[in-house]
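What follows is a set of notes on a single structure, which appears directly below.
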Amino acid sequence: MNIEESKDIEFDSYIDARGLNCPLPILKTKKALSEMESGQILRIITTDVNADSDFNIFSKQTGNNIIMQRKCFIEALEVTEHFLQKR
């Protein structure tokens with residue numbers, strides 16, 4: 001799998017936040033969502049070990065829906081994919 005595709009979830013935009021630590025993945029997500037339409041899906045790829053909890057908190061605070069969070073490998077690196085739907 002490469003950075004621009006997902007096996008089973010279609011998305012409208014994506015952020016590659018590999019190597020970035022909190023709060024940068026959240027800040028990039030906030031900016032990207034501000035440029036998207038309601039109902040569109042954003043895929044964020046992270047390596048930060050705290051990203052799952054950060055995105056859960058962000059989702060509750062902003063009302064954006066987490067569709068899925070899962071571990072996978074991209075280019076032999078374990079990452080977490082986060083799929084958020086803009087409210």
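The values are calculated or read from the model by the stated rules, or taken from the named source; none is laboratory data. Note that this is a predicted model, so its numbers are computed, not measured. Because the Cβ atoms are built from the backbone with ideal geometry, glycine has one as well, and the counts that use them run over all protein chains shown.
Test Ser6 against the stated conditions and say whether it is modelled with pLDDT of 95 or more and of a type in the set (Ser, Thr, Tyr). It would help to see each step written out before you state the result.
Details: modelled with pLDDT of 95 or more: no; of a type in the set (Ser, Thr, Tyr): yes.
So Ser6 does not fit the description; no.
Can you tell me which residue within the range 64-87, out of those that are touching a residue at least 40 places away in the same chain (Cβ under 8 Å) and in a loop (DSSP other than H, G, I, E, B), is nearest to Ile9 (Cα to Cα)?
Within the range 64-87, the match that is nearest to Ile9 (Cα to Cα) is Lys86.
Please list, ordered by first then second residue, the pairs with beta carbon atoms under 8 Å, 6 or more apart or interchain, first in the range 49-63 and touching a residue at least 24 places away in the same chain (Cβ under 8 Å), second among the hydroxyl-bearing types (Ser, Thr, Tyr).
Ala51/Thr80; Asp52/Thr80; Phe55/Thr29; Phe58/Thr29
Restricting the range 37-53 to residues that are within 11 Å of His82 (Cα to Cα) and charged (D, E, K, R), which is farthest from the chain's Cα centre (by Cα)?
Among those that are within 11 Å of His82 (Cα to Cα) and charged (D, E, K, R), it is Asp52.
Which ones in the range 34-53 are in contact with a Pro (Cβ under 7 Å, 6 or more places away or on another chain), of a type outside the set (Ser, Thr, Tyr) and either surrounded by fewer than 18 Cβ atoms within 10 Å (Cβ to Cβ) or not in a loop (DSSP other than H, G, I, E, B) (or both)? Don't jump to the end; show me each part of the working.
Keep residues of the range 34-53 that are in contact with a Pro (Cβ under 7 Å, 6 or more places away or on another chain), which gives 44, 46, 48, 51.
Cutting the leftovers down to of a type outside the set (Ser, Thr, Tyr) gives us 44, 48, 51.
If the condition is that a residue be in contact with a Pro (Cβ under 7 Å, 6 or more places away or on another chain), of a type outside the set (Ser, Thr, Tyr) and either surrounded by fewer than 18 Cβ atoms within 10 Å (Cβ to Cβ) or not in a loop (DSSP other than H, G, I, E, B) (or both), then Ile44, Ala51 are the ones that fit.
Hey, among the residues in the range 54-83 that are over 13 Å from Gly19 (Cα atoms) and charged (D, E, K, R), which one's surrounded by the most Cβ atoms within 10 Å (Cβ to Cβ)?
Glu81
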